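The values are calculated or read from the model by the stated rules, or taken from the named source; none is laboratory data. Since the model is a prediction, treat every value here as computed from it, not as a measurement. With ideal geometry, Cβ positions are generated from the backbone for all residues, glycine too; neighbour counts draw on all protein chains shown.
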Amino acid sequence: MRSRFGFGLSLLCASGLIAQRAFETGGKVVYEDAAGNRTSLGAGLSPVMTHDGRVALLRGPVHDYGETGCDDKETRDWVAVYNPSTKLEEVLFDRPVPFGRGQWDFCAFEQMQLSPDGSTLYLVSPVSATSGSLAIIDLHSGSITEVGGVNEVYVVETGSHRGDLIYQRRMRHRISGVEGDYPYYPFVHANKQGVQIQVLAEEYFTVDGVAVAPVLEAYLRRIGGVIRVNGKAFP
């Protein structure tokens with residue numbers, strides 16, 4: 001069943017996430033229960049577990065840059081929630097998201113996250129040729145805040161900064177001895193509203209989802225935070 005808005009989902013605490021997990025492989029989402037049994041949920045992206053053992057994930061086609069996905073129903077992406085116990089799926093979010101101060105509507109999404117209390121949805125869309133853009137969506141009110149230049153986003157699950165964001169964003173910096181400034185893509189610690197707290201180093205997770213980012217790892221350990229990268233806790 002489809003619904004325009006949904007809320008009330010919340011992520012498991014870090015200790016509970018070890019019992020169940022969901023991850024992406026080969027363009028499909030796999031759910032793994034506490035006993036290690038795996039179930040393919042079919043084509044999907046960016047799954048996260050909810051507090052009650054369900055899987056939230058992106059459904060719909062993968063888009064190339066320049067495709068907004070809003071042409072018709074078959075080209076749109078949406079956020080679904082799958083219940084492993086009942087094997088039923090419902091829609092959490094399915095509507096166009098405005099970017100560029102409302103200039104463009106996007107129904108093409110590359111990544112999603114949920115806040116720990118399930119009230120806020122984070123969606124990354126391929127808005128630019130050089131970077132994506134992050135939509136912060138209040139699922140209660142439907143209000144949307146945009147943070148431009150974001151390619152990846154993760155929610156901090158533990159510690160005093162629980163609910164904050166770690167995102168990778170296109171920024172500009174100066175290089176010693178070189179005239180002008182140049183783009184780079186550092187990880188950034190931001191608050192729940194996407195406002196920057198700390199700019200970290202330019203690092204990248206490997207393609208298969210293995211998290212190798214020593215500066216980010218050291219920073220998260222210092223603040224007592226954990227993020228989840230393709231179903232695995234980091235650090």
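Residues checked against (1) at pLDDT 95 or above; (2) part of a loop (DSSP other than H, G, I, E, B):
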position	(1), (2)
159	yes, yes
162	yes, yes
167	yes, no
172	no, no
177	no, yes
204	no, yes
* Run residue 90 past the list (1) part of a loop (DSSP other than H, G, I, E, B); (2) more than 17 Å from the chain's Cα centre (by Cα); (3) not small (Gly, Ala, Ser) and report the number of the one that doesn't hold. => (1)
* Set 56, 108, 135, 80: member being more than 29 Å from residue 216 (Cβ to Cβ), modelled with pLDDT of 95 or more, surrounded by 21 or more Cβ atoms within 10 Å (Cβ to Cβ) and within 17 Å of the chain's Cα centre (by Cα) -> 80
* Working carefully through the options 8, 27, 66, find the one that is surrounded by fewer than 21 Cβ atoms within 10 Å (Cβ to Cβ), at positive phi, under 16 Å from the mean Cα position of the chain (by Cα) and at pLDDT below 95. => 27
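Counting just the residues of the range 138-163 that are closer than 23 Å to residue 91 by Cβ and among the small types (Gly, Ala, Ser), which one comes out farthest from the chain's Cα centre (by Cα)?
Taking the candidates together, the pick is 141.
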* Asked: Which of (1) loosely packed, with under 15 Cβ neighbours inside 10 Å; (2) modelled with pLDDT of 95 or more; (3) closer than 25 Å to residue 27 by Cβ is the odd one out, the single condition residue 193 does not satisfy?
  -> (3)
* To do: Determine, yes or no, whether residue 92 is of a type in the set (A, V, I, L, M), within 23 Å of residue 52 (Cβ to Cβ) and exposed (fewer than 14 other Cβ atoms within 10 Å of the Cβ).
  => no
* Asked: Within the range 71-81, is there a residue that is closer than 21 Å to residue 24 by Cβ, outside any strand (DSSP E or B), touching a Lys or Arg at 6+ places or on another chain (Cβ under 8 Å) and touching a residue at least 60 places away in the same chain (Cβ under 8 Å)?
  -> no
* Structure fact -> Picking from 188, 215, the residue that is more than 26 Å from residue 53 (Cα to Cα), touching a strand residue (DSSP E or B) at 6+ places or on another chain (Cβ under 8 Å) and free of Cβ contacts under 8 Å to residues at least 24 places away in the same chain would be 188
* Name every residue in the range 93-109 that is without any contact (Cβ under 8 Å) to a residue 12 or more places away in the chain and either part of a strand (DSSP E or B) or not small (Gly, Ala, Ser) (or both), in order of residue number. => 103
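For the range 144-157, enumerate the residues that are surrounded by 18 or more Cβ atoms within 10 Å (Cβ to Cβ) and on the phi < 0 side of the Ramachandran plot. Working first, answer last.
Of the range 144-157, the ones surrounded by 18 or more Cβ atoms within 10 Å (Cβ to Cβ) are 146-147, 149-157.
Of everything in the range 144-157, those that are surrounded by 18 or more Cβ atoms within 10 Å (Cβ to Cβ) and on the phi < 0 side of the Ramachandran plot turn out to be 146, 147, 150, 151, 152, 153, 154, 155, 156, 157.
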